[in-house]
1. Is one or more of the residues making up region 195-204 buried (at least 16 other Cβ atoms within 10 Å of the Cβ), modelled with pLDDT of 95 or more and not in a strand (DSSP E or B)?
2. Quickly run through region 110-163 and pick out the residues that are among the charged types (D, E, K, R) and more than 30 Å from Asn70 (Cβ to Cβ).
3. Out of all the residues in region 76-93, is one or more part of a helix (DSSP H, G or I) and either in contact with a helix residue (DSSP H, G or I) (Cβ under 6 Å, 6 or more places away or on another chain) or under 22 Å from Ser184 (Cα atoms) (or both)?
4. Give me a count of the residues in region 98-124 that are in a loop (DSSP other than H, G, I, E, B) and touching a strand residue (DSSP E or B) at 6+ places or on another chain (Cβ under 8 Å).
5. Condition check: surrounded by fewer than 13 Cβ atoms within 10 Å (Cβ to Cβ), out of contact with any Pro (no Cβ under 6 Å at 6 or more places or on another chain) and free of Cβ contacts under 8 Å to residues at least 12 places away in the same chain. Does Lys249 satisfy that?
6. Take the residues in region 175-190 that are of a type in the set (A, V, I, L, M) and modelled with pLDDT of 70 or more, then tell me which one is surrounded by the fewest Cβ atoms within 10 Å (Cβ to Cβ).
7. May I ask you to verify whether Ser103 is modelled with pLDDT under 95, within 24 Å of Gln266 (Cβ to Cβ), surrounded by 13 or more Cβ atoms within 10 Å (Cβ to Cβ) and among the polar types (S, T, N, Q)?
8. Could you please let me know if Ile219 is assigned to a strand (DSSP E or B), touching a strand residue (DSSP E or B) at 6+ places or on another chain (Cβ under 7 Å) and modelled with pLDDT under 95?
Amino acid sequence: MDKTIGFLSICLVISLFFLFSSCSGKNEKTIRISGSTTIEPFMKKVAARYKRPKNTKITILAPGSIGGMNSLLDGSCDIVMSSSDLLPSHQLSAKEKGIKIKSFLLGIDLIIPIVNPGNRVRNISLDQLKDIYGGKIQNWSELGGKNASIEVFHRNNNSGTSAVWNRIIAPETRQTRKTLVSNSSVLAYIAADENAIGYISNYFINSEIKPLTVDGVDIENKEHWHKNHPITRPLFLYVDENNFTGSVKTFVIFTLMDKEVKKIFQESGFFSS
């Protein structure tokens, strides 16, 4: 009898364990964020500051702005970090799937052409940039630098930075260049090659590379730089309005409204719109 009661007690404990484990897993919510490598570091800081409800976790992936939007359209993410406007192909796909894309403007970013600190060139015109990426200017001596071929680096097709650069500087079809996945990889290559040129978000500028002024716009005067730099782009969060509820909505509102988050945004080198 005692053995039977003991056996039933063990079975009951095991059953309750699996029941509560199942309920816990079922009630756990995940805010899935995907997109821009430019916005990713900022968003990780936001996630660290956010006081999330119990059983809620946040995942952040950075396949690029276009990759993030693809994830929203296939239902594998809740919030897209994007450093470019919505592409017409994404608008069409969303319409076909019944997805109502809603955008939230975070602020403004500057895209900065960069070279190695050993490069003598300091200022470049917008037209010269177009000629470099269009293949018309191929040697640094044409810009007052040394007699050396220009090594042109570009971001890949999943990048929102690349999409903006293509639109402002030169159509992608005109360019012959080496493609890189992220801002960090561009930094690494430029820091190691005196003849290289690339471009990054203002967020990533550091002492290992040299930012070029464009059309003489003063980099040191931040307000003047922001208003007059010719290569700027908006930074967005995108969601599916049909699913914009609960923890996702709360997190987006926090990101847009929290005073400390706004401070972190500006400290990251971004600008308020």
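1. Yes; the residues of region 195-204 include at least one that is buried (at least 16 other Cβ atoms within 10 Å of the Cβ), modelled with pLDDT of 95 or more and not in a strand (DSSP E or B).
2. Arg120, Arg122, Asp127, Asp131, Lys136, Glu142, Lys146, Glu151 - these are the residues of region 110-163 that are among the charged types (D, E, K, R) and more than 30 Å from Asn70 (Cβ to Cβ).
3. Yes, because at least one residue in region 76-93 is part of a helix (DSSP H, G or I) and either in contact with a helix residue (DSSP H, G or I) (Cβ under 6 Å, 6 or more places away or on another chain) or under 22 Å from Ser184 (Cα atoms) (or both).
4. Summing the residues that are in a loop (DSSP other than H, G, I, E, B) and touching a strand residue (DSSP E or B) at 6+ places or on another chain (Cβ under 8 Å) in region 98-124 gives 7.
5. No.
6. Ranking the qualifying residues of region 175-190, first place goes to Ala188.
7. Taking the combined requirement at face value, the residue does not satisfy it.
8. no
The values are calculated or read from the model by the stated rules, or taken from the named source; none is laboratory data. Quick caveat, the model's predicted, so the values are computed rather than measured. We place every Cβ from the backbone using ideal geometry, glycine too, and count neighbours over all the protein chains shown.
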